[in-house]
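Some notes on the structure that comes next.
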């Protein structure tokens, strides 16, 4: 049987063969540094602005009591924002020593009264209670440079008796550089 040369496009019969290799570049005219510099500068500017980022606002929808790992966090401990874990096949929250630069720190817990599940009421209680606890520790959001949000029970954990709302503090401009809790 005679041998034949098979082009890589033979296997893809639906895709047309692009033709012989070109000896010219696919762009019009020679590439001049003057043309590339503005484009390169824009790319670097976009990357720099993206890296600096703006301030981040977190709310009660960031995570809840069913986010894996959040119920293991104790008062004063630091932890990550929820991140997808391939090993767990879900989003998880990890304990991180505060001095290692964490995303959040638990600073208080608010206990909701028994009653029927009402997410809006629980969220309002969380915001009010965590706000009061924040005000007892820091002068204000503006002066401290920190912000807070409540981590709420879910309808399912509420049905199981969970009435605890965790209060978390974070730096809207980046990671915490250590414990944020006031001393003394």
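See the values below:
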{"quantity": "From the options 45, 49, residue that is at pLDDT below 50, surrounded by 10 or more Cβ atoms within 10 Å (Cβ to Cβ) and either assigned to a loop (DSSP other than H, G, I, E, B) or under 18 Å from the mean Cα position of the chain (by Cα) (or both)", "calculated": "49"}
{"quantity": "The lone exception for residue 36 - which of (1) in a loop (DSSP other than H, G, I, E, B); (2) modelled with pLDDT under 85; (3) surrounded by 10 or more Cβ atoms within 10 Å (Cβ to Cβ); (4) out of contact with any helix residue (DSSP H, G or I) (no Cβ under 9 Å at 6 or more places or on another chain) it fails", "calculated": "(1)"}
{"quantity": "Filtered residues of the range 165-181 (kept if part of a loop (DSSP other than H, G, I, E, B) and either farther than 13 Å from residue 78 by Cβ or free of Cβ contacts under 8 Å to residues at least 24 places away in the same chain (or both))", "calculated": "172, 173"}
{"quantity": "Scan of the range 132-143 for residues that are free of Cβ contacts under 8 Å to residues at least 24 places away in the same chain and either over 24 Å from the mean Cα position of the chain (by Cα) or exposed (fewer than 14 other Cβ atoms within 10 Å of the Cβ) (or both), ordered by number", "calculated": "132, 135, 136, 139, 140, 142, 143"}
{"quantity": "Sole exception among (1) on the phi < 0 side of the Ramachandran plot; (2) without any contact (Cβ under 8 Å) to a residue 12 or more places away in the chain; (3) in a loop (DSSP other than H, G, I, E, B) for residue 124, by number", "calculated": "(3)"}
{"quantity": "Every residue from the range 95-108 that is touching a residue at least 24 places away in the same chain (Cβ under 8 Å), surrounded by fewer than 18 Cβ atoms within 10 Å (Cβ to Cβ) and assigned to a loop (DSSP other than H, G, I, E, B)", "calculated": "101"}
{"quantity": "Test for residue 93: is it in contact with a helix residue (DSSP H, G or I) (Cβ under 9 Å, 6 or more places away or on another chain), closer than 24 Å to residue 177 by Cα and modelled with pLDDT of 85 or more", "calculated": "yes"}
{"quantity": "In the range 150-164, the residues that are in contact (Cβ under 8 Å) with a residue 60 or more places away in the chain and part of a loop (DSSP other than H, G, I, E, B)", "calculated": "153, 154, 162"}
{"quantity": "Test: residue 146 is at pLDDT 95 or above, buried (at least 16 other Cβ atoms within 10 Å of the Cβ) and under 25 Å from residue 94 (Cβ atoms)", "calculated": "yes"}
{"quantity": "Odd one out for residue 111, checked against (1) at pLDDT below 95; (2) surrounded by fewer than 18 Cβ atoms within 10 Å (Cβ to Cβ); (3) under 15 Å from residue 74 (Cα atoms)", "calculated": "(1)"}
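The values are calculated or read from the model by the stated rules, or taken from the named source; none is laboratory data. Since the model is a prediction, treat every value here as computed from it, not as a measurement. Here Cβ is always computed from backbone atoms with ideal geometry, including for glycine, and neighbour counts include all displayed protein chains.
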